[in-house]
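K.L.:
Could you have a look at this structure, given as structure tokens, before my questions?
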Amino acid sequence: MTELDGSVRYLDLNYLGTDQLIACAVLEAPEGLLLVDPGPTSTLAHLKAALQEAGASLNDVRALLLTHIHLDHAGATGSIVAEAPHVQVFVHRLGAPHLVDPSRLLASARRLYGELMEPLWGAVLPVPESQVIALDGNERIRPGGRPLEVAYTPGHAVHHVSFLDLDTGTAFVGDTAGMQITGTRCVLPVAPPPDIQVEAWHESLQRIAQWRPRRLFVTHFGPSEDPEEHLDQMARRLDAMLEAVQRSLAAEGEDAQRADAFHESVMAEMRACLQDETLVSRYEQFGQPRASWFGLARYWRRKQEQRTS
């Protein structure tokens, strides 16, 4: 594990044998450990090994704090609770039913991933309703005795929340602040279908800024030590991507061609920013600009439907 600030550490879940893709934060509370975004079940063995190396185990975990229920962030939740049934799970109210009964979530994911579902994500088990604590946002919670504030931060997903650790000023923001690998200054919005809400996303960025956090922690990947610049860059890039998708929709061509051209344009920007092909490949793997084209195109088409209805 890497130490962030005394009682806050994080570990690289080494997703599919690749580092700097999924980070899980570990907070020490008076009553045990808190995990923010424990990742998919396919990385659970690595999570348990990292805890063991630090002299801990799932038995020491008191709560899971889920920014949202996408499988790369929360797929292991049911498996963890099955092994450690004392663990509480904090999640937004709109995501909670899909933890208790993940059948719809899994059906949607299988349509997207097909036979790759198991190797990518592993098993996704239901979470007993008694272990789930549903959040609305604006709460102050004390899981394991550690004080945190909760904000509702939709945009990337309608059920997204962020957590502010009051002891260290660290804001755990999931995907709301996009992807930024620690050590770079390159922020990439991640905007896949179906929940993209751009206006709400900007409001969420402003909500996080109002916390005046000392640092951000993004699941993909790690701490960001200049929150103001990070959030500003995130907002600018989101708007630039949105405008690029709007222009592409007005041009001739099929959606697949539009998405491919958008993908290449965004990755060219990332190459110029990163100047490191190894890092570029990580941004491409998890930033997935092609998927963001479809998410932002869906946003524009729904707005057009609303105007004409």
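K.L.:
How many residues does segment 48-89 contain that are closer than 26 Å to GLU118 by Cβ, in a loop (DSSP other than H, G, I, E, B) and out of contact with any strand residue (DSSP E or B) (no Cβ under 7 Å at 6 or more places or on another chain)?
P.N.:
Within segment 48-89, residues that are closer than 26 Å to GLU118 by Cβ, in a loop (DSSP other than H, G, I, E, B) and out of contact with any strand residue (DSSP E or B) (no Cβ under 7 Å at 6 or more places or on another chain) number 5.
K.L.:
Of ARG110, ARG142, which residue is of a type in the set (Lys, Arg), free of Cβ contacts under 8 Å to residues at least 24 places away in the same chain and more than 27 Å from ASN14 (Cα to Cα)?
P.N.:
On inspection, the qualifying residue turns out to be ARG142.
K.L.:
Residues to consider are ARG207, ARG214, ARG237, ARG258; find the one that is in contact with a Pro (Cβ under 8 Å, 6 or more places away or on another chain) and farther than 14 Å from CYS186 by Cβ.
P.N.:
Result of the check over ARG207, ARG214, ARG237, ARG258: ARG214.
K.L.:
Okay, moving on. Hey, among LEU216, LEU188, which residue is hydrophobic (A, V, I, L, M, F, W, C), under 17 Å from PHE294 (Cβ atoms) and modelled with pLDDT of 95 or more?
P.N.:
Only one candidate qualifies: LEU188.
K.L.:
Please count how many residues of segment 228-280 are in a loop (DSSP other than H, G, I, E, B) and among the small types (Gly, Ala, Ser).
P.N.:
Result for segment 228-280: 2.
K.L.:
Could you list, in sequence order, all residues of segment 25-53 that are among the hydrophobic types (A, V, I, L, M, F, W, C) and without any contact (Cβ under 8 Å) to a residue 60 or more places away in the chain?
P.N.:
VAL26, LEU35, ALA45, LEU47, ALA49, ALA50, LEU51
K.L.:
How many residues are of a type in the set (D, E, K, R), out of contact with any Asp or Glu (no Cβ under 6 Å at 6 or more places or on another chain) and more than 12 Å from ASP167 (Cβ to Cβ) when one looks only at segment 130-151?
P.N.:
Counting residues in segment 130-151 that are of a type in the set (D, E, K, R), out of contact with any Asp or Glu (no Cβ under 6 Å at 6 or more places or on another chain) and more than 12 Å from ASP167 (Cβ to Cβ) gives 2.
The values are calculated or read from the model by the stated rules, or taken from the named source; none is laboratory data. This one's a predicted model, so the numbers in the text were calculated from it and none came from an experiment. Cβ sites come from the backbone with ideal geometry, for glycine too, and all protein chains shown count toward neighbours.
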